[in-house]
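The values are calculated or read from the model by the stated rules, or taken from the named source; none is laboratory data. In this text, all values refer to a predicted model and were calculated from it rather than measured experimentally. Here the Cβ positions follow ideal geometry from the backbone for every residue, glycine too, while neighbour counts run over all protein chains shown.
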Amino acid sequence: MRPGELRALCLSFGAAVEEFPFGPETSVFKVGGKMFALSALDGRPLTVNLKCDPEDAVRLRVEHAGLVVPGWHMNKRHWNTVTVDGALPGRLVRELVEDSYDAVVAGLPRAQRLRLDRP
């Protein structure tokens, strides 16, 4: 996956926005004011921090050692850093991004969730 593809994927979800609160080099993708993905899109290798269920986070780190690691500068219980350089199947990366988005949406107030069509 290339940086532009990762950006397009993150912005493809309802009400997703890209912000730069940590400087112009770090894209932060949010929904309802809450972060669901964070990436230095010009980084080599390309990585993205994604929110994850704690049990799934540990499982993914074991199954994809070296490519999925505890979230860099994040709460390591709930966040993973995923290397997006083509070693992981694109389908898996898309699922992880969507799961992160869904996890954040699940924590939003019900009225916001309904507006996003994700009850």
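Structure data summary
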read-out	value
GLU98 vs. criteria charged (D, E, K, R) and farther than 28 Å from PRO24 by Cα	no
Lone qualifier among PHE22, PHE36 - being at negative phi and either in a loop (DSSP other than H, G, I, E, B) or at pLDDT below 95 (or both)	PHE22
Residue list for the range 1-14, filter: assigned to a loop (DSSP other than H, G, I, E, B) and surrounded by fewer than 16 Cβ atoms within 10 Å (Cβ to Cβ)	ARG2, SER12, GLY14
The range 96-108 residues that are over 19 Å from GLU55 (Cβ atoms) and at pLDDT 95 or above, paired with ones that are buried (at least 17 other Cβ atoms within 10 Å of the Cβ) and hydroxyl-bearing (Ser, Thr, Tyr) (beta carbon under 7 Å, 6 or more apart)	none
Pair list, Cβ < 8 Å and 6+ apart or interchain, from the range 16-42 residues that are closer than 20 Å to GLN112 by Cα to residues that are surrounded by fewer than 19 Cβ atoms within 10 Å (Cβ to Cβ) and of a type in the set (Val, Ile, Thr)	GLU18/VAL28; GLU19/VAL28; PHE29/VAL17; LYS30/VAL17; VAL31/VAL17; MET35/VAL28; ALA37/VAL28
Which numbered condition MET74 fails, given (1) at pLDDT 90 or above; (2) closer than 13 Å to LEU38 by Cα; (3) assigned to a loop (DSSP other than H, G, I, E, B)	(1)
